[in-house]
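Read through the structure below, which is laid out as structure tokens, and then see the notes.
The values are calculated or read from the model by the stated rules, or taken from the named source; none is laboratory data. These numbers come from a predicted model, not from an experiment. Glycine gets a Cβ as well: all are built from the backbone with ideal geometry, and neighbour counts include every protein chain shown.
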Amino acid sequence: MHNDELQHPHNHQACLEQALHIADTICVKKGVRLTTIRRRILELICSSHKAIGAYELLDLFRVEDAKAKPVTIYRALDFLITAGLVHKIESLNAFIGCLQAEKQHQSVILICDQCKNAYELNAAPVYESLFTMSKKIQFKPTSLTIELHGLCVACA
């Protein structure tokens, strides 16, 4: 969150609409279906900037479909992650929507330990440095997740 966001209220509806529009575009390009369930799970994830767990998603989804099972949520999450529409926050075992899904990117997730909001920042130079260092010792990385915990400006 930037200082100007504290002075001007954040229009989160715009974030949600952008995420859904990008999701539609990406799915069309990839030739995959953003089913009603997948879209609804994405909406629930993107309903705020807070990280949300799979069972929290299940509870919210059960308001609309009382018979929903955990497998429904996990299948939708697998699809959304593979499509690049959602990021998993490993340290919290939770998920956030990706607001940069339309472009290839390498990010760091900043997580406020107090309010649980999560923010995604471009970290390409950090990735480049780490991969260069790993190459020097002939290590072949297969995945990299960078998360930074702390306090956002509103909670500090």
**Fill in**
Considering the stretch 35-45, residues that are of a type outside the set (Lys, Arg) and surrounded by fewer than 19 Cβ atoms within 10 Å (Cβ to Cβ), and then whichever is nearest to Cys152 (Cα to Cα), we arrive at Glu43
**Request:** Out of the residues in the stretch 119-148 that are hydrophobic (A, V, I, L, M, F, W, C) and part of a helix (DSSP H, G or I), state the one that is farthest from the chain's Cα centre (by Cα).
**Result:** Met133
**Request:** Only residues that are exposed (fewer than 14 other Cβ atoms within 10 Å of the Cβ) and of a type in the set (S, T, N, Q): list them for the stretch 111-156, please.
**Result:** Gln114, Asn122, Ser129, Thr132, Ser134, Gln138, Thr142, Ser143, Thr145
**Request:** Identify the residue in the stretch 78-110 that is in contact (Cβ under 8 Å) with a residue 24 or more places away in the chain and of a type in the set (Asp, Glu) and, among all such residues, is surrounded by the fewest Cβ atoms within 10 Å (Cβ to Cβ).
**Result:** Glu90
**Request:** Report those strands (runs of 3 or more DSSP E) wholly inside the stretch 19-117 carrying at least 1 residues which are among the hydroxyl-bearing types (Ser, Thr, Tyr), closer than 27 Å to Thr142 by Cβ and in contact with an Asp or Glu (Cβ under 6 Å, 6 or more places away or on another chain).
**Result:** 107-112
**Filter pass, Lys29 being on the phi < 0 side of the Ramachandran plot and either in contact with a Ser or Thr (Cβ under 6 Å, 6 or more places away or on another chain) or in contact (Cβ under 8 Å) with a residue 60 or more places away in the chain (or both)** = no
**Complete:** If we ask which residues in the stretch 98-125 are under 14 Å from Gly53 (Cβ atoms) and of a type in the set (Gly, Ala, Ser), their number turns out to be 1
**Prompt:** Here is a list of conditions, (1) of a type in the set (Ser, Thr, Tyr); (2) surrounded by 15 or more Cβ atoms within 10 Å (Cβ to Cβ); (3) free of Cβ contacts under 8 Å to residues at least 60 places away in the same chain; (4) under 25 Å from Cys152 (Cβ atoms), and Ser48 meets all of them except one; can you say which number that is?
**Reply:** (3)
**Prompt:** What pairs can you find where one residue is in the stretch 121-140 and at pLDDT below 95, the other is surrounded by 13 or more Cβ atoms within 10 Å (Cβ to Cβ) and assigned to a helix (DSSP H, G or I), and their Cβ atoms are less than 9 Å apart, with a gap of 6+ or different chains?
**Reply:** Lys140/Ser134
